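Structure first, commentary second.
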Amino acid sequence: MNFRNIGIVYGKELTEWLRDKRTLISTVLVPLLAFPILMVGMTSLMTVMIGRAEKETAKIMIIGGEDSTQVLEKLRRVKDLEIVPYADDWMKRISEKEIRAAVDVPKGFDSALGQGKELTVKIYFYQGEIKSSFGANHLEKFFDDYRDSVISSRLAARNLPTDIIKPFAVKQENVAPPEKVSGAALGGLLGYMVILLSMTGAIYPAIDLTAGEKERGTMETILSSPLSRVDLVLGKFFLVLSASLSTAILSIISMGTSFYLVGHSGAMAKKDAAAFQLHIGLPAVLSVFLMALPLAVLFAAALLTIALFAKSYKEAQSYLTPMTFIVVIPAVASLLPGFDLNPKLALVPILSTSLVCKEIVAGTFHWNYILLILLSSSVYAAAALFIAVKMFQRESVLFRS
Amino acid sequence: MIEARSLSKRFQDKKRGEIRAVDNVSFTCQPGEIYSLLGANGAGKTTTLRMLATILEPTDGTAVICGHDVIEEPEKVRANVGFLSTATALYPRLTAQELVEYFGRLNGLDELTLKKRVDDIFNRLDMNGFRDRRCDKLSTGMKQKTSIARTLVHDPPVMIFDEPTTGLDVMTARTIITFISDCRDRGKAIIFSTHIMSEVERLCDHLGIIHDGKLLAHGTVPELRAKYGEHNLEEIIVKVVGPLLNNAEA
């Protein structure tokens, strides 16, 4: 191994890499801009749309209730509701969004209330359609308030206090510190994103430096130099690793900035914005990257090996695209409830790293697992790198035709 | 010097089974000599040259270049060889100068020597007009000159050229041929393959005719002319290879 030669190969690959527009777009521009645009844009748009839908007067229809003028009169006085005349095709009108909801007032509603009979008021709406849900919510709130007022007047008529129907209250109180709350919600996501991005960031350079070289006819040129195959692989490997890590780092910076902007923009209600205010410290983020480093090495070496086997850029793409699923499945699995670290899972690559990252971000450091996972994933990474070197020494792979 | 000793290369093909691309080929080329390999496409010229350049490893036999065995010391062999073939393309996103410097550094040249060497080669090959132009923006002739500069930057004692003038215009081809001749005058051992007989007549000291992986005839141009009773090199090739083609067809 000659470190000078590895450095020369790395420097040349870096120069070419930075001069490739496709690289700059996929590795730098997309990760930097995609998250802010998506998150700030989408949340702002959603806030505006939802706000507008909430402010709009909801058109609703009343089914029946002709004999209950009292409740109908109260309904007509509700500010945010516009009652349209009854029509037999009310269901179709809800589906076609002409009206938001319809309410079925049972026959003899007013008189039944006076007699203390139990009744059911049905509200019809279109599930999944946000404006229809708002209309139904308005109606439900009206009937809830109306019921409460009826209960209050019944209690008053019997000279009973209102707390007789509410002997005690129940309230949930959070004891977890803020970093644990956001850790549970977003911690798994951070590890998952770093793993996935180190994989996707490595795909394009891995193809370009192997199958791309074969396609451009430069593989034979470099093989005719006195450079050893080991130095050649390592030079290329370090470039793929750099691309992989820089994609992950840029994306995480970009994600963090996006969360910050959304959480502090004032566009969202305070309650919703709190969910976007991360309480993940720099040490936790650095620990996640440290844990993901052996995985990034594994990805870089494995992708180089597979892409080298391909004869052309296109063929390499068809080999590597399915690899994303291999990474996504265990990484997603780690986010599911029920997957907790144990000595066996600690040996499963990707899944173990994703699980331990979730714990680290939530502020829990299981040192025995951390060491075991670092060790096992380093062994896998070293094996992948060894195979990559061996593949670069095989004529049948280099000159596959 | 170059010495091929019973060089052989077999490939496995799924459909055709074992293919003997090169079969027991031996020849030598001394410093200050040009040895030309002639033969049809698929005869085994490129595979032979690739084995000499250590890009492929011989299945049997070996070759010794400047005292280094191609199997035992491939990296030392490559340090003594400048190899140019139709398959040795240039890095499109590097400039001509960056590309030549890259190979100079890989050959262990220090920055001072590298600068002198690059300036010298760029002057000799009249390349200063495009030294800062990216390789993907160069014409075919400029690319070939850059490739030659790449093979020469470490001043190797052995040069291997596989069809160096293919696809070039007359003027660029002439520059390359003059250049190869110049390399011989500087005492380099040169082996090259071509389909252009005028180049062979102008340059060659020795030539070998290869067909179906086997070296069927070799010697100096006058020796082969005397042996086959033909002046024209094409006619000599037909006389050497023709009977085998007729047998195969029969």
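The values are calculated or read from the model by the stated rules, or taken from the named source; none is laboratory data. Bear in mind that the values here come from a model prediction, so they are computed numbers and not experimental data. Here the Cβ positions follow ideal geometry from the backbone for every residue, glycine too, while neighbour counts run over all protein chains shown.
Look at A:Ala156 and say whether it is surrounded by fewer than 16 Cβ atoms within 10 Å (Cβ to Cβ), of a type in the set (A, V, I, L, M) and more than 17 Å from A:Ser68 (Cβ to Cβ). It is true that A:Ala156 is surrounded by fewer than 16 Cβ atoms within 10 Å (Cβ to Cβ), of a type in the set (A, V, I, L, M) and more than 17 Å from A:Ser68 (Cβ to Cβ). Evaluate the following for B:Ala96: is it more than 30 Å from B:Arg131 (Cβ to Cβ), crowded, with 19+ Cβ neighbours inside 10 Å and more than 11 Å from chain A (Cβ to nearest Cβ)? Criteria not met by B:Ala96. Scanning segment A:79-92 for residues that are part of a helix (DSSP H, G or I), touching a residue at least 40 places away in the same chain (Cβ under 8 Å) and under 30 Å from A:Val48 (Cα atoms) turns up nothing.
Every condition in (1) away from every other protein chain (no Cβ under 14 Å); (2) buried (at least 20 other Cβ atoms within 10 Å of the Cβ); (3) hydroxyl-bearing (Ser, Thr, Tyr) is met by B:Thr146 except one, and the failing one is (1). When B:Gly82 is tested against the conditions (1) more than 8 Å from chain A (Cβ to nearest Cβ); (2) closer than 16 Å to B:Phe161 by Cα; (3) out of contact with any strand residue (DSSP E or B) (no Cβ under 7 Å at 6 or more places or on another chain), the lone failure is (3). Among the criteria (1) touching a Ser or Thr at 6+ places or on another chain (Cβ under 7 Å); (2) assigned by TED's automatic domain parsing to the domain that holds B:Tyr102; (3) crowded, with 17+ Cβ neighbours inside 10 Å, the one B:Asp162 does not fulfil is (2).
Given A:Lys92, A:Lys59, A:Lys97, A:Lys74, which one is at pLDDT 85 or above and on the phi > 0 side of the Ramachandran plot?
A:Lys97
Of the residues making up segment A:13-47, those that are free of Cβ contacts under 8 Å to residues at least 12 places away in the same chain and over 21 Å from the mean Cα position of the chain (by Cα) are A:Thr15, A:Glu16, A:Leu18, A:Arg19, A:Lys21, A:Leu24, A:Ile25. The single residue among B:Gly44, B:Gly104, B:Gly39, B:Gly108 that is within 12 Å of another protein chain (Cβ to nearest Cβ), buried (at least 23 other Cβ atoms within 10 Å of the Cβ) and among the small types (Gly, Ala, Ser) turns out to be B:Gly104. A:Ile50: under 15 Å from A:Asn137 (Cα atoms), outside the structural domain of A:Arg147 (by TED's automatic domain parsing) and either part of a loop (DSSP other than H, G, I, E, B) or of a type in the set (A, V, I, L, M) (or both), yes or no? So A:Ile50 fits the description; yes.
Residues are listed down the side, and each one gets a yes or a no for (1) of a type in the set (Lys, Arg); (2) within 14 Å of another protein chain (Cβ to nearest Cβ):
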| residue | (1), (2) |
| --- | --- |
| A:Gly7 | no, yes |
| A:Glu13 | no, yes |
| A:Leu18 | no, yes |
| A:Thr23 | no, yes |
| A:Phe35 | no, no |
| A:Thr47 | no, no |
| A:Arg76 | yes, no |
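Of the helices (runs of 4 or more DSSP H) contained entirely in segment A:327-401, those carrying at least 1 residues that are hydrophobic (A, V, I, L, M, F, W, C) and loosely packed, with under 14 Cβ neighbours inside 10 Å fall at A:367-392. Of the residues in segment B:26-36, not one is of a type in the set (Ser, Thr, Tyr) and within 13 Å of chain A (Cβ to nearest Cβ). For segment B:185-238, the set of residues classified as farther than 17 Å from B:Gln30 by Cα and of a type in the set (S, T, N, Q) consists of B:Thr194, B:Ser198, B:Asn232, listed by residue number. With respect to the conditions (1) in a helix (DSSP H, G or I); (2) in contact (Cβ under 8 Å) with a residue 40 or more places away in the chain; (3) away from every other protein chain (no Cβ under 11 Å), B:Thr62 lacks only one, and its number is (1). Among the criteria (1) touching a Gly at 6+ places or on another chain (Cβ under 9 Å); (2) among the hydroxyl-bearing types (Ser, Thr, Tyr); (3) assigned to a loop (DSSP other than H, G, I, E, B), the one B:Tyr91 does not fulfil is (1). Pairing each residue of segment B:113-128 that is on the phi > 0 side of the Ramachandran plot with any residue that is modelled with pLDDT under 95, provided the two are 6+ apart or on different chains, yields C-beta distances under 9 Å for B:Asp126/B:Lys145; B:Asp126/B:Thr175.
Would you call A:Phe143 touching a helix residue (DSSP H, G or I) at 6+ places or on another chain (Cβ under 7 Å), part of a helix (DSSP H, G or I) and either modelled with pLDDT under 85 or in the same structural domain as A:Lys79 (by TED's automatic domain parsing) (or both)? The answer is no for A:Phe143.
When segment B:210-240 is filtered for residues that are at positive phi, surrounded by 14 or more Cβ atoms within 10 Å (Cβ to Cβ) and not in a strand (DSSP E or B), the ones remaining, listed by number, are B:Asp212, B:Gly213. Within the set B:Thr140, B:Thr88, B:Thr151, the sole residue that is crowded, with 17+ Cβ neighbours inside 10 Å, at pLDDT below 90 and within 14 Å of chain A (Cβ to nearest Cβ) turns out to be B:Thr88.
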